[in-house]
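A short write-up of the structure that comes next.
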Amino acid sequence: MTDLYDRTYDELAAWFTERGLPAYRAGQVFRWLARGVSDYAEMTDLPKDLRAALAAEFRVDGLFVERKLVSADDDTVKYVFRLHDGNVIESVLMKYRHGYSVCISSQAGCRMGCTFCASTLAGFGRDLSAGEMLGQVARIGADCGARISNVVVMGIGEPLDNYDELVRFLRLLNDARGLGVGLRHVSVSTCGVVPRMLDFTDEGLPVTLSVSLHAPNDAIRRQLMPVARSFPIEDLLEACRRHVERTGRRISFEYSMFQGVNDRPEHARELARRLRGLQCHVNLIPANEFAGGTYRRSRSEAVRAFQGILEAEGINATVRRELGTDIEAACGQLRRRLEETETQ
Ligand code: SAH
């Protein structure tokens, strides 16, 4: 059985017309999916026999809210979803002044092996389908009762390692007959799978590309991220330059700061030299420490000094504000704990 959330508007319309039914039914179904339904009984404007026919072929209850944690000190909510086959993923709702943003997972687990990341430690389950990505946004939007204006694909998983489903998801998310989230309000974060970045640029989707750089050179990057052994930093930056040229959109770099590893003034200077002339923004992220992790977060003075050097060299840099640390909102941490307690 496949997920109703995976279907595009045109596929739904074809399904109805093949059965001699009016295509406008697709519009009704699409609106229900945008409202995050998990039960056909909620689709009150569809005849019962039609709901039964759909139910025989497609599931709508692919995401089950296993846990919901609301942060006490800010407006951040973490959702832990269980998928139909028992896999567990996480999503985070963040309330900003300008609206609501949801951070979604693209895979159950990850196979990229970044040495500092909790998602990798918990292992790889499987890719998510486009509908499972869309469902996270729709369910959370329904739960908070507000329109979701921004989506970031920055939760568990490497989105470009699940390329086709990611692209399908972005088109579904953008469809004005459904959630209608503007692609300019979507960010996709990658650890730097260069060939897939080139493909992604060619799709011509106006999303923001975030690249997890975390190092000013190959030696440090390889220590942190196995993917850097396949793709040297210069090839990565070349793919970034091409993306900026083709899309006219600046690249956002994520630079997580690990004490004594990548946070020294000389690292900042080397990074500035490397990024010179590239239309970009650097997000400095004080590393998240978690049980079982080996890295320490950089001291705040080191982070500020690093930012100062980048700025002085003409590179835009901000320090990311932290939200939801009390609920372990950062990616992968909760899934890992749940899996650990269950296997004990
Ligand atoms: N696979 C995508 C999305 C991953 S998570 C990517 O690599 O970009 C989003 C960001 O959090 C990435 O930049 C990732 O490198 C970073 N991250 C993961 N674990 C972290 C940790 N313990 N401390 C700081 N940043 C971390």
With respect to the numbered conditions (1) farther than 29 Å from P265 by Cβ; (2) open to solvent by less than 40 Å² (accessible area, probe 1.4 Å); (3) over 17 Å from the mean Cα position of the chain (by Cα); (4) not small (G, A, S), which one is the sole condition not fulfilled by L172?
(3)
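From the list R299, R269, R273, which one is among the charged types (D, E, K, R), more than 11 Å from the ligand (Cβ to nearest atom) and buried (at least 16 other Cβ atoms within 10 Å of the Cβ)?
So the residue among R299, R269, R273 that is among the charged types (D, E, K, R), more than 11 Å from the ligand (Cβ to nearest atom) and buried (at least 16 other Cβ atoms within 10 Å of the Cβ) is R269.
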Just the residues that are without any contact (Cβ under 8 Å) to a residue 60 or more places away in the chain and within 13 Å of the ligand (Cβ to nearest atom), please, taken from region 134-156.
V152, V153
State which residue pairs qualify: first residue in contact (Cβ under 8 Å) with a residue 12 or more places away in the chain and open to solvent by 20 Å² or more (accessible area, probe 1.4 Å) and inside region 235-261, second residue in a strand (DSSP E or B) and among the charged types (D, E, K, R) in any location, beta carbons under 8 Å apart, and separation of 6 or more residues or different chains.
Q259/R297
Take the conditions among the small types (G, A, S), part of a strand (DSSP E or B) and open to solvent by less than 20 Å² (accessible area, probe 1.4 Å) and apply them to A228. Does it pass?
no
3 or more residues farther than 23 Å from C191 by Cα: qualifying strands (runs of 3 or more DSSP E) within region 28-128:
63-70, 76-83
Complete set of residues in region 201-229 that are closer than 18 Å to E245 by Cα and either within 13 Å of the ligand (Cβ to nearest atom) or not assigned by TED's automatic domain parsing to the domain that holds S119 (or both):
T208, L209, S210, V211
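The values are calculated or read from the model by the stated rules, or taken from the named source; none is laboratory data. This structure is a prediction, so every number in the text was calculated from the model and none was measured. Here Cβ is always computed from backbone atoms with ideal geometry, including for glycine, and neighbour counts include all displayed protein chains. Each accessible area value is taken on the protein alone, full model and side chains, heavy atoms only, with ligands, DNA and RNA left out. Shrake-Rupley method; radii C 1.70, N 1.55, O 1.52, S 1.80 Å.
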